[in-house]
Structure formats: structure tokens, C-alpha cells
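Nothing in this text is a laboratory measurement; each read-out follows from the coordinates by a stated rule. Every value quoted in this text rests on a predicted model; they were computed, and no experiment measured them. As a convention, Cβ positions derive from the backbone with ideal geometry for all residues, glycine included, and neighbour counts pool all protein chains shown.
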Amino acid sequence: MNEGNLIFSRANRRSFISQLMVALGAGKVSKASRAEAATGRARQFDPPVDSSQSSTSQVAACPHQGGYIRPGTIEVVHQKFDLVVVGGGIAGTCAAISAARNGTRVGLVHERAMLGGNSSSEVCLYPEDTVAYNPWIKETGIIEEIMNEERARNWVLLHEGMINTQWDLVLYEWAIREKNLTLFLNTSLREVEMANPQEIRAIRAVQLGSERGFILQAPLFVDATGDGVLAYHAGAEFRWGQEAREEYHELLAPVRATDAVMGNTLYFRAHDVGRPIKFKKPEWAVAFDTEADLTGRHHGFFEAGYS
Ligand SMILES: Cc1cc2nc3c(=O)[nH]c(=O)nc-3n(C[C@H](O)[C@H](O)[C@H](O)COP(=O)(O)OP(=O)(O)OC[C@H]3O[C@@H](n4cnc5c(N)ncnc54)[C@H](O)[C@@H]3O)c2cc1C
């Protein structure tokens, strides 16, 4: 399916609600590190954003551009919204739906083919405790609507690693039925245009499959990329790693700051087929023969969550 077909002009621009959004993902930005606005990450576009209207134009391809994009045929779509949300995980999808329901014309830009991010059938980490019917930490609102609908449609047990495409489909349905929401799937934010060092004017994104580029302009953006990608491109301050314990007086933080980040997760599913199966190592498998091969993370036990 060409997801570009989902993109169309929305009528009846309504008044923008000013207190709607917190910058999701901006929690990764810290005072402790220096702004990198001067590093050239945030760029000016050529051609510049047309601030007066949404439009489509053809731009000449870079002479060195290879691959399947024919030179001179790249279509660049300019669109204006009240809000652009980047990242269609749980956070971004709920933020975009909430904004749309409150009368905000919102563009939701997500680089994968399905919504959900970590919770999608691609990664299978469904939003576990907070929405999964635990009476003492129950999260309600849009996420509960989605979870209830998914449970009504899906026969698979609710268990980490078992989430399947029914979940993706409910998220998709919940997004596209909002008339104020325009969904850009398979669309990856690549560059940010700044109006000034504090203000994002537009993002530039590319869409796999349709060979189109997008310049999406808005007075407000939400970074829901999970990794602060939009904030990074906008030159926001950020930090990498763990703070020292005394910095925020967190007892569980390390004594000294480190550059450690979350480790990789080896995610697999085993199924009892009722008879022994000989393990055949894939040719690409990497051997970790010694303790020294497994640095940086405790691996003496398995965490819960395997099904
Ligand atoms: C192994 C593991 C176990 C976890 N277990 C739990 C748990 O038990 N309970 C719990 O509450 N949380 C858990 N979490 C955390 C939980 O998964 C995250 O907090 C949650 O998924 C964050 O959602 P999100 O929408 O902010 O980000 P994500 O789910 O990461 O979604 C962000 C999306 O943005 C997209 N994106 C990134 N860059 C761009 C770009 N440039 N252009 C367009 N799109 C972009 C990404 O593709 C991604 O899909 C776990 C996480 C991991 C990794």
C-alpha cells in the first residue's frame, strides 16, 4: 500500500489550543550538556519553505543521487499544520490523536510501516502494566480505548512478546479515523529548519516507497521519537549516559556519571513442539565465548517477560 495516499488537505482549520503538548522525548535533553546549535545539524532548506500555503513541487535531484530515484523526479510536498508529531510510538500516536480530537490539525510522521514503536508487532513490547488491567496502576484515556478494542479483536493472550498485527491495526484505525490527523507512515524525519535558534519552522522528511519528500511546517512540534531525534536536529541541549548520583539526588544512580545507555535486548520466542529439535546455528550467528565478550551489563540471570 502506498501510504502517501493517506495524505490530503484537511478542511476547516480550527483554533489552536495552546496548552496541549508537552515535548515528549524532550526529557532526554538536559541542562548538563552544551547546546549544539552551532554544529550545523539544523539546516536551512533549498528551496525554502513556502510559509503561505501548502503546495507540491518538483525539485532537481542532486547529480550524485543514485538508487531508484530518477533525477529530476523527486516530488516535494509542502504542508502546514497546527502541530507536527514526529514518532508514532504509543506516545506520539496518543499525542496526535488527542490533539486532533481537540481541533488541532496535526501531522503524525512515523518512519515505520506500522504505528506503535516498541509496542508494535515489530518489537512486541506492549504497554504492559499501566494499561493491562492492573487496578492499582491503571492508565486510562486513549490508550485504554485502544487496548480494550485490541483485546476485543485479538485471540492471542496478552503477554510480552505475543502482541501481533491486530494491535498495529487498531492503532492505525484510531489514527486515521481522526479527521484532523494526517498520517505519514514510512516517513522519516531527516532535517530541521529553524526559524531562529529557539524555534523550529519546519521539518524535512522522506517517504520510502513513494519517493516523495515532505516539508512540514507548524508552530509547534512534538518529539516522540523515543530518542530525542527531533530535538537533536534542532540543536537542543542533550546528554548521553547516566548522571552522577548527587546531580539529582537519585539513590539508584551511579556514584559517578557514565556514558552507559540501555543495552541491547535479545528477544526470542520458544515453542514446545512436543519433541526434541536439533539446534542449527544460523551462519550469521556471533559467538560470545567468554565473559569478556559480554561487557557493560549484568547477564547472570534472565529477566522476566519471556513467554
Ligand atoms: C527491552 C525493553 C523493555 C521494556 N519494557 C517495558 C515495560 O515492561 N513497561 C514499560 O512501561 N515500558 C517498557 N519499556 C519502555 C517502553 O517500550 C518505552 O517507554 C515506550 O515504548 C516508549 O514509547 P515511545 O512512543 O515514547 O517511543 P517508541 O516506542 O520508541 O516510538 C518512537 C518511534 O519513533 C520513531 N522514530 C524515531 N526516529 C524517527 C524519525 N527520525 N522519523 C520518524 N520516526 C522516527 C521510531 O521508529 C519509533 O517507532 C521497555 C523498553 C525496552 C526497549
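Here is a yes/no grid of residues against (1) touching a Leu at 6+ places or on another chain (Cβ under 8 Å); (2) part of a strand (DSSP E or B):
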site	(1), (2)
174	no, no
182	yes, yes
190	no, yes
195	no, yes
227	no, no
232	no, no
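Cβ separations smaller than 7 Å between residues 6+ apart or across chains give the following pairs from region 122-151 residues that are over 18 Å from residue 172 (Cα atoms) to residues that are part of a helix (DSSP H, G or I) and not aliphatic (A, V, I, L, M): 131/144; 137/129; 137/130; 139/130.
Only residues that are in contact (Cβ under 8 Å) with a residue 60 or more places away in the chain and away from the ligand (no atom under 16 Å from the Cβ) were counted across region 258-289, and they come to 0.
To keep it simple, each residue is scored yes or no on (1) more than 16 Å from the ligand (Cβ to nearest atom); (2) hydrophobic (A, V, I, L, M, F, W, C); (3) touching a residue at least 12 places away in the same chain (Cβ under 8 Å); (4) in contact with a Pro (Cβ under 9 Å, 6 or more places away or on another chain).
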{"residue": "230", "(1), (2), (3), (4)": "no, yes, yes, no"}
{"residue": "243", "(1), (2), (3), (4)": "yes, no, yes, yes"}
{"residue": "246", "(1), (2), (3), (4)": "yes, no, no, no"}
{"residue": "251", "(1), (2), (3), (4)": "yes, yes, no, no"}
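Across region 186-217, the number of residues qualifying as of a type in the set (Gly, Ala, Ser) and either within 12 Å of the ligand (Cβ to nearest atom) or under 30 Å from residue 262 (Cβ atoms) (or both) comes to 2. Within region 90-104, residues that are in contact (Cβ under 8 Å) with a residue 60 or more places away in the chain have Cβ atoms under 6 Å from residues that are among the β-branched types (Val, Ile, Thr) and more than 13 Å from the ligand (Cβ to nearest atom) in these pairs: 96/106; 99/106; 100/106; 102/17, counting only partners at least 6 apart in sequence or on another chain.
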